[in-house]
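Chemist: Quick one: the structure is below, and I'll ask about it shortly.
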Amino acid sequence: MILTYLGHSFFTLSLENGAVIAMDPYGEFYGYPRRLVQADACLISHHHHDHDGVECVAPEAQRVDQAGEHDIGHGAKVTGVATWHDAQGGAQRGPNVFFIVEAEGLRIGHAGDLGHVPTAEQARRIGKLDVLLLPVGGYYTIDAATAEEVRRLLRPTVTVPMHYRTAFDPQMPIAGLEAYLSLAGAQDTQLPFLRLAQGDVCERPSVVTLAIEG
């Protein structure tokens with residue numbers, strides 16, 4: 001499978017059988033490029049405009065925005081774990097769904113706008129991840145220090161940071177990537193995409209940054 005970063009929290013996961021899963025597409029959002037993605041399924045962690053821009057995804061894509069187990073076909077299974085968008089049980093920003101995609105023998109977790117360290121029960125439901133897509137910018141989500149705490153709790157094989165300030169949103173009140181990379185002791189790899197296979201995911205660095213697809 002191939003993981004591609006489209007910016008903010010928007011990713012696509014392309015499977016070997018040709019199926020495409022879109023995750024948290026943004027709508028009209030700062031200076032980010034406008035997108036139109038052909039996908040078979042679209043995961044939406046919560047209904048804020050920068051995460052549920054469904055107009056960026058082909059209308060026939062199956063939409064998944066709830067916790068629980070979802071069969072999206074194409075040899076893929078999706079599980080949503082209910083979490084919160086803040087550290088006050090949703091009192092500030094409401095609910096958030098942490099999605100796990102299982103396909104080709106791998107488990108890919110998209111944390112959405114996670115706003116807290118998962119509880120022991122939530123961590124158990126999330127389970128062991130091969131790849132974790134993790135917000136690190138703070139303000140609306142967990143910040144760099146809390147993101148590193150989450151990474152150490154969940155112990156994914158590979159972590160890909162997301163939801164940080166970039167050249168596309170310089171006025172957004174969130175931090176850039178540098179603080180998280182410093183805490184994690186990681187390099188800014190800026191790979192164009194991440195190719196993943198069950199047999200070699202463990203050979204990847206523990207933290208990988210992806211360039212935003214132009």
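The values are calculated or read from the model by the stated rules, or taken from the named source; none is laboratory data. The shown structure was predicted, so the numbers you read here are calculated from the model rather than taken from an experiment. In this analysis, Cβ positions are derived from the backbone assuming ideal geometry, glycine residues included, and neighbour counts consider all displayed protein chains. To get the accessible areas, we keep the full protein, side chains included, count just its heavy atoms, and leave off ligands, DNA and RNA. Shrake-Rupley method; radii C 1.70, N 1.55, O 1.52, S 1.80 Å.
Chemist: What is the magnitude of the charge dipole of the range 83-201 about its Cα centre, with +1 placed on the Cβ of each Lys and Arg, -1 on the Cβ of each Asp and Glu, and no other charges, expressed in debye to the nearest 20?
Modeler: With only Lys, Arg, Asp and Glu charged at Cβ, the dipole is about 260 debye.
Chemist: From the residues Ala39, Gln62, Val158, which one has its Cα farthest along the dipole of the chain in the positive direction, the dipole being from +1 and -1 charges on Cβ of Lys/Arg and Asp/Glu about the Cα centre?
Modeler: Working it through, the farthest residue towards the positive pole turns out to be Val158.
Chemist: In Å, what is the Rg of the alpha-carbon atoms in the range 1-81, and how long is Dmax?
Modeler: Values for the range 1-81 (Cα only, Rg and Dmax): 11.9, 35 Å.
Chemist: Please work out the C-alpha center-to-center distance from the range 177-213 to the range 111-163 and express it in whole Å.
Modeler: About 15 Å separates the Cα centre of the range 177-213 from the one of the range 111-163.
Chemist: Cα extents of the range 72-155 along the three principal axes, largest first, in whole Å?
Modeler: Its Cα atoms span 37, 24, 22 Å along the three principal axes.
Chemist: Tell me, what are the semi-axes, in whole angstrom and largest first, of the equivalent ellipsoid of the chain as set by the roots of 5 times the Cα gyration tensor eigenvalues?
Modeler: Listed largest to smallest, the semi-axes of the chain are 21, 20, 19 Å.
Chemist: Taking the range 95-214 as the region of interest, what is the percent of Cα-Cα pairs per 10 angstrom bin, listed from the shortest bin to the one with the maximum distance?
Modeler: Reading upward from the zero bin: 13, 47, 34, 6, 0.
Chemist: Please list, by residue number, every one of the trypsin sites (Lys or Arg not before Pro) in the range 63-149 that is coil in DSSP and has at most 12 other beta-carbon atoms within 10 Å.
Modeler: Here the trypsin sites (Lys or Arg not before Pro) that fit, given the DSSP loop and packing criteria, are Lys128.
Chemist: Okay, moving on. When you have a sec, figure out the Kirkwood radius of the range 172-214 from all distinct Cα pair distances and drop it here in Å to one decimal?
Modeler: Values: mean 1/r = 0.0834 Å⁻¹.
Hydrodynamic radius (Kirkwood, Cα only) of the range 172-214 equals 12.0 Å.
Chemist: At a threshold of 8 angstrom on Cα-Cα distance, excluding pairs fewer than six apart, so keeping six or more, what relative contact order does the range 32-144 reach in percent?
Modeler: 20
Chemist: Is there a quick way to get the dipole size of the chain? I mean about its Cα centre, with the Cβ of Lys and Arg at +1 and of Asp and Glu at -1; what is the value in debye to the nearest 20?
Modeler: Numbers: 15 positive and 26 negative charges, 79 e Å.
Roughly 380 debye, rounded to the nearest 20.
Chemist: Something else about it: Describe numerically, in nm with one decimal, the distance between label points set 7 Å from Cα along Cα→Cβ at Phe168 and at Leu36.
Modeler: 1.8
Chemist: Oh, and also: Taking all protein chains in place and a 1.4 Å probe, what share, in percent, of the accessible surface of the range 85-189 do carbon and sulfur account for?
Modeler: It is 49 percent, rounded to a whole number.
Chemist: Per residue, how much accessible area does the range 1-141 have with a 1.4 Å probe, in Å²? Please report the intermediate quantities before stating the final value.
Modeler: Working: 5360 Å² over 141 residues.
The answer is 38 Å² per residue.
Chemist: Tell me, what HN-Hα J-couplings in whole Hz come from the Karplus equation 6.51 cos²θ - 1.76 cosθ + 1.60 at θ = phi - 60° for each residue of the range 3-14, using x for Gly and Pro?
Modeler: Karplus-based 3J(HN,Hα) across the range 3-14 equals 9, 10, 9, 9, x, 6, 10, 8, 10, 10, 10, 9 Hz.
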